[in-house]
Amino acid sequence: MCAEPARITLEDNFDDVLAKAQRGLGFTEEALAAKAGISLAVLQALKKGQLNEAALTKLAPVLQLHGPSLIELAKKAWYPRVPNMTGLAQVSTAWKDFRVNAFVAWSPVTRQAVVFDTGTEPGPILAIVKENNLKTELLLITHTHGDHVACFAELKEKLGKPKAYVSSRGTLEGAQAIDAGATRSLGNLHIEVRRTSGHAACGLTYVLHGLAQPVAVVGDALFAASMGGARGTEAYAEALKTNREQIFSLEDNTVICPGHGPRTTVGQEKAHNSFFPEFK
């Protein structure tokens, strides 16, 4: 069963979403306030987390966000619902002042396992492997930001040196290059590699088939009700584009396993993620 705690806090609040969209679109505060028809003081209050529904309603379309979803997030009125699934476990470990996820998936029949990212300490992953009598054959990295590969070398060694892969657009000592379009199989599990760059140039999503529902391990490409930030307008546009093409094209019941925050599904993100108003 999934080792996820009962309730993991959403990675972002509405003010985080505003900041990411503003930065991604290249607005100064003055230009954004003027275009939305609100005062600079009101904008700055919003960015400090002070809810103002009327101002958010004006601001959302300028930032190409879905206003009702943004307000829903601000009111903490929604939380994703994803059932526990045999053959999938989530691990959350501490990194600085926040937490980072890693995932273990396995065939309940053959006990062959794949680990996605490492988190910051190997203990929790090793405990899942031992508890479920698993043989880890793959270690797949979504992207090489420090929180996601903090214990890579140690974990790989303690797992028995499984084959490890990372995007060819990144480097990680001890991992081989893999690219979008590649596939891997473990027993009845089939893994497809998709490129979801933008937040990170080396960002990959791994789509897993063979469990009760399809699973997409997305790293920081997408969070419940949010997405990873991007440095620069080009990277932001790329992040939105690759998310739309490579994640939102999956079946609605696909379980999204993000690098931070709780699991969600493609269908729930279509309904509740303000970065993607076209699905509402």
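Brief remarks follow.
- Any hit, the range 185-198, residues being farther than 29 Å from Val266 by Cα and not small (Gly, Ala, Ser): no
- In the range 50-70 there is at least one residue that is of a type in the set (Ser, Thr, Tyr), free of Cβ contacts under 8 Å to residues at least 60 places away in the same chain and either open to solvent by 60 Å² or more (accessible area, probe 1.4 Å) or within 19 Å of Ala36 (Cβ to Cβ) (or both).
- When each of Ala230, Ala212 is tested for being of a type in the set (Gly, Ala, Ser) and either under 26 Å from Phe98 (Cα atoms) or at pLDDT below 95 (or both), the lone residue that passes is Ala230.
- Residue list for the range 234-280, filter: acidic (Asp, Glu), surrounded by fewer than 16 Cβ atoms within 10 Å (Cβ to Cβ) and under 16 Å from Val217 (Cβ atoms): Glu251
- Inter-residue pairs, beta-carbon under 8 Å, first on the phi > 0 side of the Ramachandran plot and in the range 259-270, second open to solvent by less than 10 Å² (accessible area, probe 1.4 Å) and of a type in the set (Val, Ile, Thr), 6+ apart: none
- From Leu32, Leu51, residue being in a loop (DSSP other than H, G, I, E, B) and in contact with a helix residue (DSSP H, G or I) (Cβ under 7 Å, 6 or more places away or on another chain): Leu51
- The range 164-188 - residue that is assigned to a strand (DSSP E or B) and out of contact with any strand residue (DSSP E or B) (no Cβ under 6 Å at 6 or more places or on another chain) and, of those, surrounded by the most Cβ atoms within 10 Å (Cβ to Cβ): Val166
- Residues within the range 200-225 that are touching a Lys or Arg at 6+ places or on another chain (Cβ under 8 Å) and surrounded by fewer than 24 Cβ atoms within 10 Å (Cβ to Cβ), tallied: 3
- Residue ID - surrounded by the fewest Cβ atoms within 10 Å (Cβ to Cβ), chosen from residues in the range 71-89 that are farther than 30 Å from Val115 by Cα and not basic (Lys, Arg): Ala77
- Tally of residues being open to solvent by 60 Å² or more (accessible area, probe 1.4 Å) and touching a residue at least 24 places away in the same chain (Cβ under 8 Å) across the range 97-110: 4
The values are calculated or read from the model by the stated rules, or taken from the named source; none is laboratory data. In this text, all values refer to a predicted model and were calculated from it rather than measured experimentally. Note that we place each Cβ from the backbone using ideal geometry, even for glycine, and neighbour counts take in every protein chain shown. For the accessible areas, the whole protein counts, side chains as well, though only heavy atoms, and no ligand, DNA or RNA atoms are used. Shrake-Rupley method; radii C 1.70, N 1.55, O 1.52, S 1.80 Å.
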